2 protein chains.
Amino acid sequence: MQTMRETKQINGVDTAAMNQTVAAIKADPELAQFRFRAKNRAIRGGHNRSEVKEFYGAKQEHRTEKEPFVLDNDEPPVLLSEDAGPNPVEYAIQALLGCMTTTTLYKAAAQGIEIESIRSEVEGDIDLNGMLGLDRDVRPGYQEIRAKLRIKTKGPKDKVRDLYRYSPVYDTLSRPVPIKVEVQFEE
Amino acid sequence: MQTMRETKQINGVDTAAMNQTVAAIKADPELAQFRFRAKNRAIRGGHNRSEVKEFYGAKQEHRTEKEPFVLDNDEPPVLLSEDAGPNPVEYAIQALLGCMTTTTLYKAAAQGIEIESIRSEVEGDIDLNGMLGLDRDVRPGYQEIRAKLRIKTKGPKDKVRDLYRYSPVYDTLSRPVPIKVEVQFEE
């Protein structure tokens, strides 16, 4: 049994389950619709706290009974707060690394390609003149993001190299996303 | 002294320090250049771990002596992993909430407007047919993101309502960012 189990796992991904999932989605594309969510509340200054819990996907709600993941955002002293957590722009670029890594591992597994390791790093440039409204030609967000993926594999490099392009966060950051924001004032 | 301190703090932001920062940047825009960073390594399947530590800004390195913030990304069972943390697309939308909240509080403080509370929620749609490569017309990332900010303030609502638009993460997600990815294969 141990051996059977091992033959089905590539890069820590259960490829039999993955194949079943892909087949199910091909038969019923509605199974591929996911909706992810988060909540947040301000604490003080740059410090606020998010909770990540339920999401919808494959026609059902998930994590309904689980304790939420709790994430603290803060700003460092040079940005006038107390550094109780990474700041939101740091969360965004770590998500890029995490997503490119998982996407590469999963898509390689789907092709039967074993990856021994992935290490990565990222940096991105922000000019505060944008957020502060001091220069209308400067955007508030990242002007450029540079990432490096270091991949160890005995598999075909040409099939592995560009898999990160399917990463949902890579796509979300590199192409515009329609964002609808509703502001409500409470009494 | 207590009273003096209180008069300088609005929304938990030291407005005297904020005014000094803005004046310094106006005199020397180079002070506004920031570079944020993260590192990541794959653990198993959808589970990988980021570290967030040093960043550059205001002409110097910061957090050089501090322990890194450690963030675990994982995928839930329906996405074939063990749910050891939020997944990267959840990290991305919580960062949006955190950033819109901080931006609203800071920019309101700069105008002397007190905010009593901000609570927020967000959801976003992802169609896995994109990441899986099953439908070329479907993007891998978020197709749409919807957020709600609930703000409690006695201040002028028209001056508070749209401050979130200066949020660096809001801008980063809603407008395209150039991302350069270098893939290196290790022996």
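Each value in this text was obtained by applying a stated rule to the coordinates, not by laboratory testing. This is a predicted model, so every value here is computed, not measured. For neighbour counting, all protein chains shown are included, and Cβ atoms are generated from backbone atoms with ideal geometry for every residue, glycine included.
Of note:
- Taking the charge dipole of chain A about its Cα centre, with +1 at Lys and Arg Cβ atoms and -1 at Asp and Glu Cβ atoms, the residue from A:Tyr142, A:Ile115, A:Ser81 reaching farthest to the positive side is A:Ile115.
- For A:Gln143, neighbours were defined as the other residues whose beta-carbon sits under 14 Å from its Cβ, and their charges (Lys and Arg +1, Asp and Glu -1) total -2.
- Using a 7 Å projection from Cα along Cα-to-Cβ, the label point at A:Asp162 is separated from the same position in the remaining copies by 4.1 nm, smallest value first.
- Averaged over peptide B:53-60, the number of partner chain Cβ atoms lying within 10 Å of each residue's Cβ comes to 3.
- Folded to 0 to 90 degrees: helix A:15-27 orientation relative to chain A principal axis, Cα: 80
- Prolate/oblate/rounded call for the protein assembly as shown, Cα gyration tensor, a/c under 1.5 rounded: prolate
- Rounded to the nearest 5, the antiparallel percentage of DSSP beta bridges internal to the stretch B:35-164 is 100%.
- Share of pairwise Cα separations in the stretch A:39-93, more than 13 Å, in percent: 64
- For the stretch B:41-187, a simple Cβ point-charge model (Lys and Arg +1, Asp and Glu -1, everything else neutral) yields a dipole of about 1020 debye relative to the Cα centre.
- Tilt relative to chain B, helix B:88-110 - C-alpha long axis, 0 to 90 degrees, to 10: 10
- Gap separating the Cα centres of the stretch A:11-65 and the stretch B:151-187, nearest whole Å: 22
- Two-site FRET efficiency, B:Arg165 against A:Lys148, from Cβ-Cβ distance with R₀ of 22 Å, rounded to 0.05: 0.10
- 11 Å beta-carbon shell around A:Asp127, net charge (K/R +1, D/E -1): -3
- Formal net charge of residues neighbouring A:Ala24 (Cβ-Cβ distance under 13 Å; K, R +1; D, E -1): 0
- Helix content alone sets the calculated 222 nm mean residue ellipticity of chain B: runs of n ≥ 4 DSSP H residues at -39500 (n - 2.57) each, divided across all residues, give -9000 deg cm²/dmol.
- Residue by residue along A:161-168, Cβ atoms of other protein chains within 10 Å of the local Cβ number 5 on average.
- Modelled label reach - A:Gln184, point 7 Å along Cα→Cβ, the stretch B:134-152 residues with backbone N closer than 14 Å: B:147-152
- The other copies place their A:Phe185 label points at 6.1 nm from this one, listed shortest first, where each point is 7 Å from Cα along Cα→Cβ.
- Going by neighbour counts of Cβ atoms within 10 Å, the residues B:Ser167, A:Ser174, A:Ser117, B:Ser81 line up, fewest first, as A:Ser117, A:Ser174, B:Ser81, B:Ser167.
- Computed lengthening from B:Asp158 to B:Val70, 0.36 nm per intervening residue step minus Cα-Cα distance: 27.8 nm
- Normalised by residue count, the stretch A:21-173 yields a Cα convex hull volume of 163 Å³ per residue.
- Highest-first arrangement of B:83-91, A:72-80, B:25-33, where packing means the average Cβ count within 10 Å: B:83-91, A:72-80, B:25-33
- Those residues of the stretch A:98-115 whose amide nitrogen sits under 13 Å from the label point placed on B:Arg136, 7 Å along Cα→Cβ: none
- Counting, for every residue in B:72-79, the Cβ atoms of other protein chains within 10 Å of its Cβ and taking the mean gives 5.
- Counting beta carbons within 10 Å around each of A:Met131, A:Met18, A:Met100 and listing the fewest first gives the order A:Met18, A:Met131, A:Met100.
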